[in-house]
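Accompanying notes for the structure given below.
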Amino acid sequence: MAIILRLDRMLADRKMQQNDLAEKVGISVVNLSNIKTGKVKAIRFSTLDAICRELKCQPGDILEYQAE
Amino acid sequence: MRSEEYLQKYHGVTKFLRILAQISFWLVVVLGAASLALGVATLFMSSDSFTFNFLDNIRLSMDGVLQFDLSLANITATTKKEIITTILFALSSFAIIYGLIISQLTSFLKTVENGMPFASANVKRLNMIGILFIVGSFIINTVYGLVANKIIHALGISTLSVNLQSDANMLFMGIIIIILAGIFRYGSYLQDEYDATI
């Protein structure tokens, strides 16, 4: 898919552990890992909202479009 | 009401139905295996073994509506053997069809009980049940016809004849179940989409 998820980069920038973010956002570590690796088909606005809130970033910082 | 609450509400009913289906399945398996074994055994038995008279006066109904009081007292032991063998093989063929339907139904109910009614395997199961109903609508009536034909000829009843046609109710149910399988296919697709959305 042309949409790339940059969650790992944002986590590194914010020096936050994956487990901590999963707990704060309210999703399982497995699901967060799936988001990180781009294995999900879709992401809810509520989940994106929570991730952006916890990482203090914009959706564009996490989602990136790359032409194939 | 949310879907989880719906599933919770019907969990008890589904569990009861699943247990009932499982018991029915084993009853059908035992009945089918016993009738098949007895049917094969009667093939190798001599006609002299069929001189018993407990079948001399029997009440038989093919359609569940009309009942016939038949007297088999005057027929020969060979004909009696043929009738019994046909009935036993008919029972085993019914058991195969109903056993397959009930086994698919049990697996289906198990997934509903586990809160996964739209599992992709259920589409195949429903399709299989629908096909079995359609095939069964022809086979069961044909087998009924064969048994009836055997009895009619054995008793020499000239005023009765066998009309072979499919069971319209079963055929209709089979078609409805296949349509439902199509709906479940879409449900399964939506479930996959939902599960893959975080």
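Each value in this text was obtained by applying a stated rule to the coordinates, not by laboratory testing. All of these numbers come straight from a predicted model, not from anything done at the bench. Cβ: placed from backbone, ideal geometry, glycine included. Neighbour counts: every protein chain shown.
Observations, loosely collected:
- Assigned charges on the beta-carbon of Lys, Arg, Asp, Glu; the stretch A:3-59 dipole about Cα centre (debye): 160 debye
- Cubic angstrom per residue, convex hull over Cα atoms of the stretch A:3-59: 74 Å³
- Over the residues of chain B, the helix contribution to mean residue ellipticity at 222 nm works out to -26500 deg cm²/dmol, using -39500 (n - 2.57) for each DSSP H run of at least 4.
- Taking 0.36 nm per residue of sequence separation and removing the Cα-Cα distance, the B:Gln67/B:Asp195 pair yields an extension gain of 40.6 nm.
- Projected-area mean, the protein assembly as shown, by convex hull of Cα positions, square nanometres: 21.6 nm²
- Rounded FRET efficiency, nearest 0.05, which uses the C-beta distance separating B:Lys9 from B:Asp56 and R0 of 51 Å: 0.40
- At R0 = 22 Å, FRET efficiency that the Cβ-Cβ distance of A:Glu64 and A:Gln18 yields, to 0.05: 0.70
- Shielding value for B:190-198 is 4, the average number of Cβ atoms from other chains within 10 Å of each residue's Cβ.
- Taking chain B as a Gaussian network of alpha-carbon nodes connected by springs under 10 Å, the highest mean-square fluctuation of the residues B:Ser137, B:Ser92, B:Ser47 belongs to B:Ser47.
- For the options B:Asp69, B:Asp56, B:Asp167, a Gaussian network treatment of chain B with springs between C-alpha atoms closer than 10 Å singles out B:Asp69 as fluctuating the most.
- For chain B, the convex hull drawn through the C-alpha positions has a volume of 137 cubic angstrom per residue.
- A crude spin-label estimate for the pair A:Lys56 and A:Ala2, with each label 7 Å from Cα along the Cβ direction, gives 3.4 nm.
- Pairs beyond 26 Å (Cα-Cα), from A:Lys41/B:Lys124; A:Lys36/B:Lys124; B:Lys9/B:Lys110; A:Lys41/B:Lys15: A:Lys36/B:Lys124; A:Lys41/B:Lys15
- For chain A, adding -39500 (n - 2.57) for each run of n ≥ 4 DSSP H residues and dividing by the number of residues yields -16000 deg cm²/dmol at 222 nm.
- Net charge in the neighbourhood of B:Ile198 (other residues with Cβ under 10 Å of its Cβ; Lys, Arg +1, Asp, Glu -1) is +2.
- For the stretch B:113-154, fraction of C-alpha pairs farther apart than 12 Å, in %: 69 percent
- Residue with peak Gaussian network fluctuation, chain B [Cα springs, cutoff 10 Å], from B:Ala73, B:Ala119, B:Ala21: B:Ala73
- Electrostatic dipole magnitude of the protein assembly as shown [Cβ: Lys, Arg +1; Asp, Glu -1; Cα centre; debye, to 20]: 420 debye
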